[in-house]
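Asker: Here it is, the structure, as structure tokens.
A short reminder: the numbers here are calculations on the coordinates, not readings from a lab. In this text, all values refer to a predicted model and were calculated from it rather than measured experimentally. Cβ placement follows ideal geometry from the backbone for every residue including glycine, while neighbour counts extend to all protein chains displayed.
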Amino acid sequence: MAENHYDAIVVGSGISGGWAAKELTEKGLKVLLLERGRNIEHVKDYKNASKEVWDYPHRDQPTQEMKEKFPVLKRDYPLNESTMGMWADEQDNPYIEEKRFDWFRGYHVGGRSLLWGRQSYRWSPMDFEANLREGVAIDWPIRYEDMAPWYDYVERFAGIAGSRQGLDVLPDGQFLPPIELNCVEEDVAKRIEKAFGGTRHLIHSRVANITQPKPEQNRVNCQYRNKCWLGCPYGAYFSTQSSTLPVAMNTGNLTLRPFSIVTQVLYDKDRKRARGVEVIDAENNQTYEYTADVIFLNASTFNSTWILMNSATDVWPDGLGSSSGELGHNVMDHHFRCGASGDVEGYEDKYYFGRRPAGFYIPRFRNVGEDRRQYLRGFGYQGSASRQRWDREIAELNIGADLKQTLSQPGGWTIGMTGFGEMLPYHENRISLDRSVTDKWGLPVLAMNVEIKQNERDMRKDMVQDAVDLLEAAGVKNVQGEEDDYAPGMGIHEMGTARMGRDPTTSVLNRHNQVWDAPNVFVTDGACMTSASCVNPSLTYMALTARAVDHAVSELKKRNL
Amino acid sequence: MNRRELLKLITVATGTAMIGGNAVFAYSASDNGKGRFSARDTRLLDEVAETILPRTDTPGAKDARVGEFMTVFVTDCYTPQEQAIFHDGLVKLDALSRAEYDRDFLNLDAGQRETLVCRLDAQAKTQAASDGDPHYFTMIKQLTLFGFFTSEVGAKEVLRYVAVPGRYDGCTPYEQGQPVWATT
């Protein structure tokens with residue numbers, strides 16, 4: 001068994017793991033970054049980045065063979081030819097669905113930072129206070145004020161395009177110039193503003209795509225190809241590869257080890273500290289131990305918790321962090337696929353140039369200010385307007401030259417939007433270890449038992465009806481409300497299972513993301529979340545990670561870890 | 001436009017969600033009868049597709065090799081049940097042609113092809129309004145439109161394509177007759 005010591009170990013190389021590696025190495029620590037999957041090198045390994053739809057034999061649609069191989073992925077949009085190889089192998093990495101759970105995983109260097117939607121919003125003060133005010137679950141141990149400087153910090157580095165709006169519900173940040181709305185969206189925004197007396201707003205989406213170059217990071221501004229999920233040869237969107245990993249590498253303090261599945265945190269009972277991690281090499285199945293003074297778990301929400309569940313089981317049968325009885329509990333996601341769309345008359349003489357990796361956003365307005373609903377919390381909308389393409393219905397034309405001619409030109413304008421709703425943290429929504437089923441490496445797998453409840457179902461009615469009302473108020477015609485079925489996980493925003501809190505008897509992590517039972521173990525990915533807000537979570541993971549590293553290094557210096 | 005919307009599902013102008021596409025279908029794995037298309041089938045599909053999207057002053061379906069694309073897509077992306085409908089459809093199409101004109105479809109003149117395909121289009125639209133199996137012509141038409149407009153020829157010579165726009169302008173003038181952008 002090989003013995004190797006580092007100052008810090010980071011488990012997982014996605015959005016939060018990349019940040020942990022960057023911050024730790026910049027502060028001078030020697031860091032080992034462990035990634036369970038293969039390496040993907042920036043630009044060089046983005047093999048489809050410049051392909052077009054005609055370069056794929058099935059024009060980017062899934063084959064039956066792909067559907068058989070990816071029975072989970074096929075349930076929604078991610079299964080396509082262009083991103084094959086970017087999603088975890090479902091045969092090698094099974095899990096159990098006590099209730100349906102769509103788990104979309106990226107097991108490679110960069111993780112889902114290569115595939116993410118890039119929508120980047122700050123939480124509001126209201127989000128951090130809601131649990132306490134409403135008596136839901138437990139109080140967050142931090143407030144917006146604790147996070148604001150760290151949001152500033154990560155936004156400046158990552159590069160977030162957006163516009164300042166001065167809204168309490170969606171705090172402004174350190175923005176690069178926004179990606180424009182198109183002319184229909186601009187007008188719809190004005191009409192919504194007027195129709196709802198300035199209580200509802202259609203604004204630029206805030207995205208981690210840079211609209212000005214960042215030469216210090218070797219990143220070129222967005223070229224508007226809208227192919228982000230294939231890896232960007234310009235480094236125009238934030239990913240581990242484009243942004244955090246190069247900085248960490250340049251310090252000379254980073255060792256990256258792909259194909260390294262962390263099986264447990266090694267726990268020292270006497271010191272009540274972790275001493276390292278155990279790793280199985282995914283390629284040769286050998287077991288290795290690495291030791292460190294501090295460990296960051298950023299293996300993605302459920303996998304960070306899986307590692308904890310597998311650790312220190314001689315002390316706590318349900319794993320490190322289970323003394324609270326909350327490890328694995330309080331799973332959240334954002335429920336979505338509710339919204340509306342319709343036709344916009346006019347603007348036949350208007351079009352757009354370039355392909356945006358963005359659209360518009362309508363921040364939460366329910367249960368805000370004086371507004372009170374029969375459910376708690378709220379939702380925001382993401383959407384866009386565009387001119388119809390060749391896949392539109394032309395009732396009066398059937399076949400021939402006229403059909404070809406008509407479909408070759410843009411159709412009328414349509415606009416649509418989808419709500420993303422906050423899901424409450426329910427203790428009984430949980431993941432657990434099932435030792436009767438094992439993966440390719442003989443490791444126990446997770447069993448998912450998660451559902452939405454009445455609060456979310458009530459909210460979904462508003463998510464449809466409010467979308468209809470917003471569009472109708474803006475003069476949109478033929479407005480159709482839509483509710484598509486949603487299963488937990490589909491939002492790809494899984495959160496919770498090792499929540500932060502103020503009390504070790506009700507939470508797994510303290511206010512600096514330290515495991516109460518092993519303060520040199522930090523969990524700063526989605527697992528740490530105490531509630532979910534309705535905004536996309538990744539920016540918050542970045543800020544939490546940078547904040548936790550700052551604390552970790554200061555504690556190390558004081559010899560407190 | 002974000003990724004979730006972009007890849008949501010492609011509903012081609014047939015009143016039916018894209019068959020074999022990203023949309024979720026009941027699927028049972030079994031022998032999928034690969035390799036059942038003959039060279040003649042490909043020719044037949046090419047000619048039906050060309051009748052739907054003929055060459056004018058711009059390329060047509062045959063220029064984009066839509067027939068060949070259909071055989072690949074049906075074989076690899078359709079369920080066995082869907083494949084059976086498609087294959088039976090080719091037989092039915094020729095049978096209809098013989099019943100009407102005493103000749104295979106490939107031996108019809110352009111006007112006859114148009115008349116016959118128009119009739120199938122009307123039939124298929126009626127069937128699409130009901131809940132049962134899709135009409136084989138719905139499949140052919142979907143794949144013709146999809147195969148043509150997502151082809152390189154279709155994108156570059158019939159629609160407009162810019163590989164690297166380099167900027168986004170949300171409000172540009174549009175003059176009647178300008179093609180639609182090929183990619184989103």
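Asker: In which sequence would A:Lys269, A:Lys69 go, from the one with the fewest C-beta neighbours within 10 Å to the one with the most? Numbers along the way, then the final one.
Answerer: Values: A:Lys269 9, A:Lys69 16.
Sorted ascending by nearby Cβ count, the order is A:Lys269, A:Lys69.
Asker: Counting Lys +1, Arg +1, Asp -1, Glu -1, what net charge surrounds A:Lys194 among other residues with beta carbon under 12 Å of its beta carbon? Don't skip to the end; give the middle numbers.
Answerer: Numbers: positive: A:Lys190, A:Arg191, A:Arg200; negative: A:Asp187, A:Glu193.
For residues surrounding A:Lys194, the net value is +1.
Asker: Tell me, what is the percent relative contact order of the range A:173-224, built from C-alpha pairs under 8 Å that lie six or more residues apart? Mind dumping the intermediate values first?
Answerer: Numbers: 41 pairs, mean separation 16.4, N = 52.
Over the range A:173-224, the number comes to 32 percent.
Asker: Another question about this same structure. Assuming R0 = 30 Å, can you tell me the calculated FRET efficiency for the pair A:Asp270 and A:Glu98, based on Cβ-Cβ distance, to the nearest 0.05? Could you put the intermediate results ahead of the total?
Answerer: Values: r = 38 Å, r/R0 = 1.26.
Result of the calculation: an efficiency of 0.20.
Asker: A:Val445: net charge of surrounding residues, Cβ under 15 Å, Lys/Arg +1, Asp/Glu -1, itself excluded?
Answerer: Numbers: positive: A:Arg36, A:Arg105, A:Arg430, A:Arg435, A:Lys440; negative: A:Asp89, A:Glu90, A:Asp92, A:Glu97, A:Glu98, A:Asp434, A:Asp439.
Taking every other residue near A:Val445 into account, the sum is -2.
Asker: Through the Karplus equation 6.51 cos²θ - 1.76 cosθ + 1.60, θ set to phi - 60°, convert the phi angles of the range A:331-345 into ³J(HN,Hα) values in whole Hz; use x for Gly and Pro.
Answerer: Ordered by residue, 3J(HN,Hα) equals 5, 9, 8, 9, 7, 8, 6, 10, x, 7, 8, x, 9, 10, 7 Hz.
Asker: Between the helical axis of A:538-557 and the dominant principal axis of chain A, each derived from Cα atoms, what acute angle in degrees is found, rounded to the nearest 10?
Answerer: Computed tilt is about 20 degrees.
Asker: Based on the Cα atoms of the protein assembly as shown, what semi-axes does the equivalent ellipsoid have, where each is the square root of 5 times one gyration tensor eigenvalue, given in whole Å with the largest first? It would help to have the intermediate numbers written out before the result.
Answerer: Values: eigenvalues 453, 169, 112 Å².
In descending order the semi-axes read 48, 29, 24 Å.
Asker: By how many degrees, between 0 and 90 and to the nearest 10, does the Cα long axis of helix A:144-158 differ from the longest principal axis of chain A?
Answerer: 80 degrees
Asker: Using only the Cα atoms of the range A:218-342, what semi-axes does the equivalent ellipsoid have when each is the square root of 5 times a gyration tensor eigenvalue? Give whole Å, largest first. The partial results should precede the final answer.
Answerer: Values: eigenvalues 234, 116, 33 Å².
Rounded to whole Å, the semi-axes are 34, 24, 13.
Asker: Sequence-distant or interchain residues sharing an amide H contact under 5 Å with B:Gly60, placed H: which?
Answerer: B:Arg55
Asker: Please give me, ordered by residue number, the GluC sites (Glu not before Pro) of the range A:220-315 that lie in loop per DSSP and have at most 10 other Cβ atoms within 10 Å.
Answerer: Numbers: sites: A:Glu278, A:Glu283, A:Glu289; in loops: A:Glu283.
Answer in residue order: A:Glu283.
Asker: What FRET efficiency would be calculated for the residue pair B:Lys92, B:Ala163, taking the C-beta separation as r and a Förster radius of 41 Å, to the nearest 0.05?
Answerer: Values: r = 42 Å, r/R0 = 1.02.
Computed FRET efficiency for B:Lys92 and B:Ala163 comes out at 0.45.
Asker: Same structure, new question: Under a Cβ-Cβ limit of 4.7 Å, which cysteines in chain A have nobody to pair with?
Answerer: A:Cys222, A:Cys228, A:Cys232, A:Cys338, A:Cys528, A:Cys534 - these cysteines have no disulfide-compatible partner (Cβ-Cβ under 4.7 Å) in chain A.
Asker: Taking the Cβ of each residue in B:Tyr161, B:Tyr136 as the centre, tally the other Cβ atoms inside 10 Å and list the residues starting with the fewest.
Answerer: Numbers: B:Tyr161 16, B:Tyr136 23.
Listed from fewest to most nearby Cβ atoms, that is B:Tyr161, B:Tyr136.
Asker: Please report the spacing between the Cα centers of the range A:529-556 and the range A:494-513 in Å, no decimals.
Answerer: Between the Cα centres of the range A:529-556 and the range A:494-513 lies a distance of 12 Å.
Asker: By the scheme Lys and Arg +1, Asp and Glu -1, what is the net charge of all other residues having a beta-carbon under 14 Å from that of B:Gln178?
Answerer: +1
Asker: Round to the nearest 10 and give me the degree value, 0 to 90, for the angle of helix A:15-26's Cα axis relative to the longest principal axis of chain A.
Answerer: That works out to roughly 50 degrees.
Asker: How would you rank B:149-156, B:37-44, highest first, on the average number of other Cβ atoms within 10 Å across their residues? Display every interim value, and only then the final one.
Answerer: Working: B:149-156: 21.6, B:37-44: 15.8.
Result, highest mean Cβ count within 10 Å first: B:149-156, B:37-44.
Asker: Going down the list A:Lys350/A:Lys461; A:Lys22/A:Lys557; A:Lys350/A:Lys477; A:Lys227/A:Lys477; A:Lys67/A:Lys404, which pairs span over 25 Å between their C-alpha atoms? It would help to have the intermediate numbers written out before the result.
Answerer: Details: A:Lys350/A:Lys461 34 Å; A:Lys22/A:Lys557 18 Å; A:Lys350/A:Lys477 18 Å; A:Lys227/A:Lys477 31 Å; A:Lys67/A:Lys404 32 Å.
Pairs exceeding the cut-off: A:Lys350/A:Lys461; A:Lys227/A:Lys477; A:Lys67/A:Lys404.
Asker: How big is the antiparallel share of DSSP beta bridges in the protein assembly as shown, given as a percent to the nearest 5?
Answerer: Details: 60 of 86 bridges.
Taking every DSSP beta bridge with both residues in the protein assembly as shown, the antiparallel ones total about 70 percent.
Asker: Can you list residues whose amide H is under 5 Å from A:Glu97's amide H, if they're 5+ apart or on another chain and H is modeled 1.01 Å from N?
Answerer: Hits under the 5 Å cutoff: A:Met448.
Asker: Moving on. Among A:Lys47, A:Lys27, B:Lys92, rank each residue by its count of other Cβ atoms within 10 Å, from fewest to most, as a rough exposure measure. It would help to have the intermediate numbers written out before the result.
Answerer: Working: A:Lys47 12, A:Lys27 19, B:Lys92 15.
Final ranking by Cβ density, sparse to dense: A:Lys47, B:Lys92, A:Lys27.
Asker: Calculate the translational D of the range B:36-158 in whole µm² s⁻¹ from Stokes-Einstein, where the hydrodynamic radius comes from the Kirkwood formula applied to all Cα pairs, the temperature is 10 °C and the viscosity 1.306 mPa s.
Answerer: Numbers: Rh = 14.6 Å.
Reported coefficient: 109 µm²/s.
Asker: Describe numerically, in nm with one decimal, the distance between label points set 7 Å from Cα along Cα→Cβ at A:Asp146 and at B:Gln81.
Answerer: 5.4 nm
Asker: Hey, what do the phi angles of the range A:279-292 turn into as Karplus ³J(HN,Hα) couplings, whole Hz, using 6.51/-1.76/1.60 and θ = phi - 60°, x for Gly and Pro?
Answerer: 10, 9, 6, 5, 8, 10, 6, 6, 9, 10, 10, 10, 10, 6
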